[in-house]
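Taking it in order: structure first as structure tokens, then the write-up.
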Amino acid sequence: MDDDLPTDFQVIVVGTGMVESIVAAACSRIGKNVLHLDSSDHYGGLWASYNFEGLQKFIKEINSDPNRQLQVYNLIEKWYIDKDSPQEETKQETEEEKTEPPKKIWSQADFASEYRKFNIDMTPKLLFSRGPLVELLISSNIARYAEFRCVTRVLTWLNDKLNPVPCSRADVFATEAVSIVEKRMLMKMLTSIVGYNEEEMDNEFKDWTDKSFKDYLTHKGLTPNLIHYVLYAIAGGSDAMPCLEGVRECKKFLMSLGRYGNTPFLWPMYGSGELPQGFCRLCAVFGGVYCLNRPIDSVETKTGDEGKEIVVIGSKSKNLNCDHLVIGINECPKDLLSSEPSESSDISKAIFITNGTIMPSEKEPLTLLRFPPLDEGDNPVTVLEVGPATGSCPKGLFAVYFITNKVKDAESDLMKYAEKIFDMTGDQTKAGDKPTCLWSLFYNVKDVSAGVRDGVETVHVCAGPDAGLDFDRAVIQSEQIFKKICPGEEFLPRAPDPEDIVFEDDVTHGPEFRGDEGDKE
Amino acid sequence: MISIAMATNRSAQRPNGAPQTKVCQFKLVLLGESAVGKSSLVLRFVKGQFHEYQESTIGAAFLTQTLCLDDTTVKFEIWDTAGQERYHSLAPMYYRGAQAAIVVYDITNQDTFGRAKNWVKELQRQASPSIVIALAGNKSDLAAKRMVEFEEAQAYADENGLLFMETSAKTAMNVNDIFLAIANKLPKSEVSTGGAGTRVLNDADAPRASSCCK
């Protein structure tokens, strides 16, 4: 039934990861005729969100055939709870004490029966409120397809416990964690960083180009507590973070404050995996053709009649032709890639499902926690805790994501951080101060940025997910690819509000629609 | 919770104690085979127009229309498939938070009725359990070429708890009625359902851009 798929397009995009999807939307938006394929049956590739059943399927697939998804390895899934729950006991109690129902004891069977309420992210990321992705969503009008929640707090690990990080002016003055003198010092520091323009930056930091941000903060007379907040929590850095990078990260954080909420960050409802789908929808709305479950077998380039280079893609014994191929690195045939050694840095990730938040609060929290490295040689660890209100998990549970640059492997890199904030015994009856971890998944992801082999100008390879907190790299890369395919064209101009579109038979409007050619046969 | 854009069932109260009109906003999705007239139904409902040889509606896959009931104003945010259904590639995002769906088939084409049943199954699997589903047998102006009997579809709708009407986007028959029937069936509670997020808007568009969530 896929066989009525048209065969000639200006742009074919293979893979529905973030970068591929943004490029597809941008090309379709300015009138290119786009075919968008994915070898799997869902959107997002390595950027996908899964319900619990889908996640189990993903784990099984990779464990049974590691070659299928070379970028993901070292998968370790663990249960900390029983297969089935002792049902009768809990039932009786709820009837007797209606005012105070006992805390639910979760079993593996409960996860299975509520599988649809999970939306677990393989690539969880936040959006800076004034970052490039939010601006792009607004300017392109794709924002109307998605909903977001504000991150309610930023925490850090200091003096062997969790500490809220004062982000805004109000926070700084409300906090009891720092003295009044420190408050003034911190405000002065933060205000000056936001205030610098490029010239003042160059001037202020001309002697600091080869020194660390920590040295700079120390030089400015900040106390150890304040250095901790600014360096580890606000800049997300480590002791070795170069000064200028630290200043830039701080500035980015501070500039995004006060737009939507108490912190600079937004989290997409139902997970980061919704975002590629939003771009795909825009692509489809402007005539892009979508076909999932469509693996490709080969990619060749040949010279067409007018000396123009054509990319020919073999898929299910059919040849698909296009002027430009945009392809995710995870879908790309190896012979197409440059043989030069590619740059690769790997990421260690973990997902935990717990029965409570790491730090109780009045309303359901949405948390960014930044750990400084606990041991020599570690990298800083980013933690995101999301609850039921984000559509990520059933009521009573939290999904907690850990991300760091790989040192050894995901489990050795991250388990010791998890043990600081979770009870790993699986005991759900204890009323301790730590939430109990019910389930976990550790995995490593390769972050490879490979080029296409020499002489191929019409194939564009998209990188997979990076370790960064935000989507900035994906947005920048997709714009670069778009500019190569469509030089001089505007990148995702605002889509008109449908209410403003005039439907009249004799009026031509919008870009020409060419995606239907194959349907007429 | 930030209030810069839609939450699900928002009630708007006038500040000076004037009689309050409840405004409820609902996401409604359209499903059905290509060429059964999904976009035409919406275009008839929203703009009162019909085009015999309408091409796929570029850029128009997101329309809104408001209906006034006795004490409530119902605002539909209508999502069209944008053709993503054609090769079985509809994104889960499409179903997210949808409170209503219209599954459309063409009464002159038995296959489209079979596919409509599959879409109903898909909704029962993917969408919210409380979703209100309406089945629309479109192109009722072509009754002479009818291949799907009214009684057959009615029986199927009854079995599955669906609203059912035969419609014609061309003559406008039952088009407003089916949307009205959905509006009447939707729960219009004052309480905004938890779990809804917010849209991000440009600062200039947002009534209150930087309210705080505690």
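Between A:THR7 and A:LYS363, the modelled labels are 5.7 nm apart [label points 7 Å from Cα along Cα→Cβ]. A Förster radius of 45 Å, combined with the Cβ-Cβ distance separating A:ASN225 from A:SER339, puts the computed FRET efficiency at roughly 0.30.
Shape class of region A:142-288 from the alpha-carbon gyration tensor: prolate, with a/c at 1.5 or above and a/b greater than b/c. Computed per residue of chain A from DSSP H runs no shorter than four, each worth -39500 (n - 2.57), the mean residue ellipticity at 222 nm is -8000 deg cm²/dmol. Normalised by 2.2 N^0.38 Å, with N the number of residues, the alpha-carbon radius of gyration of region A:208-360 equals 1.61. Between A:TYR196 and A:SER449, the simple spin-label model (points 7 angstrom out along Cα→Cβ) gives 2.3 nm.
Just subtract the alpha-carbon distance of B:SER34 and B:SER128 from 0.36 nm times their residue separation and send over the number in nm, one decimal. It would help to have the intermediate numbers written out before the result.
Working: separation 94, 0.36 × 94 = 33.84 nm, distance 2.40 nm.
Length gained, B:SER34 through B:SER128: 31.4 nm.
The calculated FRET efficiency for A:ARG494 paired with B:HIS51, based on their beta-carbon distance and R0 = 25 Å, is about 0.45.
Starting from the Cα-Cα distance between A:ASN63 and A:LYS83, subtract it from 0.36 nm times their residue separation and give me the gain in nm to one decimal. Walk me through the numbers before you get to the answer.
Values: separation 20, 0.36 × 20 = 7.20 nm, distance 2.14 nm.
Length gained, A:ASN63 through A:LYS83: 5.1 nm.
What is the Å³ per residue value for the convex hull set by the Cα atoms of region A:109-212?
Values: hull volume 24.4 nm³, N = 104.
Roughly 235 Å³ of hull volume per residue.
Model label sites at A:LYS395 and B:ASN176, defined 7 Å from Cα along the beta-carbon direction, differ in position by 4.0 nm. Placing +1 on each Lys and Arg Cβ and -1 on each Asp and Glu Cβ, with no other charges, gives chain A a dipole about its Cα centre of roughly 1520 debye. Panel note: the C-alpha atoms of region B:39-139, placed on their principal axes, show extents of 39, 36, 25 Å (largest first).
The distance from the alpha carbon centre of region A:440-498 to that of region B:124-159 is 43 Å, rounded to a whole number.
Averaging the Cα positions of each part gives two centres, and for region A:153-180 and region A:216-239 these lie 13 Å apart. Rounded, prolate or oblate, given the Cα gyration tensor of region A:372-505, with a/c below 1.5 counting as rounded? The shape class here is oblate. Length gained on full extension, A:SER113 to A:PHE173: 17.0 nm, using 0.36 nm per residue less the C-alpha separation.
Quick test of the membrane-span-like rule: which DSSP H helices of chain A reach at least 30 Å along their long axis (C-alpha atoms) with mean Kyte hydropathy at least -1.0?
On the way: long enough: none.
None clear 30 Å together with a mean of -1.0.
For region A:1-73 versus region A:312-326, the spacing of their alpha-carbon centroids is 15 Å.
Which entries in A:LYS161/A:LYS211; A:LYS211/A:LYS251; A:LYS220/A:LYS252 show an alpha-carbon gap greater than 26 Å? Kindly include the intermediate steps, with their values, before the conclusion.
On the way: A:LYS161/A:LYS211 30 Å; A:LYS211/A:LYS251 18 Å; A:LYS220/A:LYS252 20 Å.
A:LYS161/A:LYS211, as the Cα separations exceed 26 Å there.
Ordering A:TYR43, A:ALA26, A:PRO66 by Cα displacement along the dipole of region A:22-72 toward the positive end leaves A:ALA26 in first place; charges were set at the Cβ atoms of Lys, Arg (+1) and Asp, Glu (-1). Using the alpha carbons alone, the radius of gyration of the protein assembly as shown stands to its Kirkwood radius in an Rg to Rh ratio of 0.97. Antiparallel beta bridges, as assigned by DSSP with both residues in the protein assembly as shown, represent about 60 percent of the total such bridges.
Taking Cβ atoms as reference points and 11 Å as the exclusive limit, the residues near A:GLY377 contribute a net charge of -3, counting Lys and Arg as +1 and Asp and Glu as -1.
The numbers here are math on the coordinates, done by the rules we state, and not lab data. Just so it is clear, the model here is predicted, and its values are computed rather than measured. Using ideal geometry, Cβ is built from the backbone for each residue, glycine included, and neighbour counts are taken over all protein chains shown.
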